[in-house]
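The values are calculated or read from the model by the stated rules, or taken from the named source; none is laboratory data. No experiment lies behind these values; they were computed from the predicted model shown. Positions of Cβ are backbone-derived with ideal geometry, glycine not excepted, and every protein chain shown enters the neighbour counts. Note: accessible area is taken over every heavy atom of the protein model, side chains too, but ligands, DNA and RNA are not part of it. Shrake-Rupley method; radii C 1.70, N 1.55, O 1.52, S 1.80 Å.
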Amino acid sequence: MTTLSKLSNRSNKHRGRASAGDVRESGRWAGPWFILPFVAFYVLFLIWPSLAMLGYSFTDRSLAGGPVSWVGIENWVEALGDPYMWRSLWITLLFTLLSVPPLVALGAALAILTDHARRLGWFLRMAFFAPFVLPVAVMTMIWTWLYQPGFGLINQYLQMMGLQEVEWLGNEGTVLIAIVIATVWWTVGFNFVLYLAALQGIPRETYEAAGIDGAGAWRKIRHITIPQLKRTTGLVTVLQVIASLRIFDQAYLMGGDFGGPNFASRTFIHYIYETGFVNFRLGLGSAMAWVLTITMVLVSVLLFRFFTRDGR
Amino acid sequence: MATTSTPPRTTHAQSGRRHGPAPRPRTRLGRVNPGITILYVVAIAAALVWLVPLLWAIATSIKPEAETTLMPLRWLTASPTVEHYVAVIQRGELLRWILNSLVVSTLVTVLTLVLCVLAAYGFSKCEFPGRGWAFALVIGGILIPPQVVVVPQFVLMTQLNLVNTYWGVALPQVVMPMFVLIFKRFFDAIPRDYEDAARMDGAGHIRILLNVVLPLSRPIMAAVGIFAFIGAWNNFLWPLIVIQDPDVMTVPVGLATVSSDHGLQYAPSMAAAVIGALPLLIVFLLFQRQIVTGVAGAGIKG
């Protein structure tokens, strides 16, 4: 939030100066008309549901219908006392911790590589970004096939290197790692594009000047490219953390309806979905959804704080 | 567009790339630089590793089913076949889901662009009381993950009678505060001289938006539009909840729920996966340049 409002403040101030004393003849009420359609949808599909969800969390509302009655904080007590909810929250956090570093670092590395190997530009952009456009079900079908014990490609290569076969998705200890690897392959393309765009913005003269001073490619990357990418790294990290905390799709499809062996890949959103739409307990599910929202707001605020202090 | 003032960033970035001087030469002619060779070898190796899953899916999809589990695994089959593709297409449901995804994603993309551009214009170019507050409230919505409000959204859709319809899938996906922020920052960067000139000619807000702002915003509209389209095409949780009727399912939901019922046949699954991936891969191949230049101009680089 801090960053976002700072950004908008900066531009507002700028505009304010330019338009000082200027009264728009087209009327003061044009603005509200422009924002009205968006705001209407925004309120109907985001704000109202969030508030309704808060209301549900104090009732015993069920997907199966039936009379709804007020139950006070019963759902909240049940949710907060549920070890399975905490376990799924921990799995979500663990997934975030495991997936964010490779997704950010690899996104930057692949972008720098592509930026330097200009002649392969088209081919490299295609190779690294193409997985991002796959529908999640396609991605999980392919990776489940690659991870297959017995006749999966990955296990075949492991055995060729003299290693043991791993039952990637059938094993409590490896299922989350397997999902992280597939996710990195699938979504790194987005970060890659953000970094690629940022690299285009670095003035060529900087490199040329460094080249005249005798700096080699590696030193240019270390002393020009990486420092220049600092702000992009902040943005990519924040976006990635938020995206990783929302993990559901691929974990649900690769780990199965029950969330992997011994629930080892049952993420928070999976647990909310199960509570609300499989066990029909919308009230309890709503309380849990609020726990996740609050967690995410807290994490986001902390991250924004960290990066705005660090970046300026 | 020859003016003395600086044009918005995108036009800058783009023209620099297309018409500007050629990228600096990496090596002098006739001299082979070992560093460059290593760079290209690493780049090609990384790209090939990245393509392995896709290539393996294609390789599997053209094998006879009996060969898919034959050890040791081979990349190339002696008797390639398209029978699995024919079977998937003949079953018909996948083409139906692709059509559904196309309708839903187009609806989402068009509505998102219209709503977000209008709102961003209002926030950027109009002054009205409470603008700062309204903008802060809209941007705050970035923090609400859409996945957590699916429960009340589903109740709402039941009341509106939109369950199992295209509108029911599409409507909740058009609220993208992030895109409003991106457009607003872009519009803010358009010099006031442009609109002032139009206003002198008697143009109102609508004409300024249509004749001044939008023509300058093409690259960013393309980039945001593509991301909105990809996002809608690949959205999973919401369509999974709001659709139970296989005739209305989108590609990800259809492949995940119905196809898995057909048992473990690897070659046909991979054929279905390849067909399911094709539409967006084609969109991406057509627009890949716009994606990078659009993002570069969008100012979402930090």
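Close Cβ contacts (under 9 Å, 6 or more residues apart or on different chains) running from residues in segment B:135-151 that are more than 7 Å from chain A (Cβ to nearest Cβ) and farther than 9 Å from A:P49 by Cβ to residues that are surrounded by 23 or more Cβ atoms within 10 Å (Cβ to Cβ) and of a type in the set (V, I, T) comprise B:P146/B:V175. Here is the figure for segment B:164-192: residues that are at the interface with another protein chain (Cβ under 9 Å from one of its Cβ atoms), touching a Gly at 6+ places or on another chain (Cβ under 8 Å), in a helix (DSSP H, G or I) and of a type in the set (V, I, T) total 0. Taken over segment B:34-56, the criterion of being at pLDDT below 90 and open to solvent by less than 50 Å² (accessible area, probe 1.4 Å) is satisfied by B:G35, B:I36, B:L39.
Could you check segment B:116-158 and list, in sequence order, the residues that are open to solvent by 40 Å² or more (accessible area, probe 1.4 Å) and under 30 Å from A:G65 (Cα atoms)? Once the filter is applied, which keeps residues that are open to solvent by 40 Å² or more (accessible area, probe 1.4 Å) and under 30 Å from A:G65 (Cα atoms), segment B:116-158 yields B:P146, B:Q147, B:T158. Confirm whether B:N161 is open to solvent by 20 Å² or more (accessible area, probe 1.4 Å) and not in a helix (DSSP H, G or I). Yes. Would you be able to say whether some residue in segment B:223-245 is among the charged types (D, E, K, R) and either within 9 Å of chain A (Cβ to nearest Cβ) or without any contact (Cβ under 8 Å) to a residue 40 or more places away in the chain (or both)? No. Every test in (1) open to solvent by 20 Å² or more (accessible area, probe 1.4 Å); (2) not in a helix (DSSP H, G or I) is passed by A:I247 save one, and that test is (1). Please determine whether any residue of segment B:62-78 is open to solvent by 40 Å² or more (accessible area, probe 1.4 Å), modelled with pLDDT of 90 or more and within 29 Å of the chain's Cα centre (by Cα). The answer is no, given that none of the residues of segment B:62-78 is open to solvent by 40 Å² or more (accessible area, probe 1.4 Å), modelled with pLDDT of 90 or more and within 29 Å of the chain's Cα centre (by Cα).
Residue count for segment A:250-263 under the criterion of being surrounded by fewer than 20 Cβ atoms within 10 Å (Cβ to Cβ) and within 11 Å of chain B (Cβ to nearest Cβ): the result is 2.
The numbered conditions (1) within 15 Å of A:F41 (Cα to Cα); (2) surrounded by 23 or more Cβ atoms within 10 Å (Cβ to Cβ); (3) without any contact (Cβ under 8 Å) to a residue 40 or more places away in the chain are all true for B:V108 except (3).
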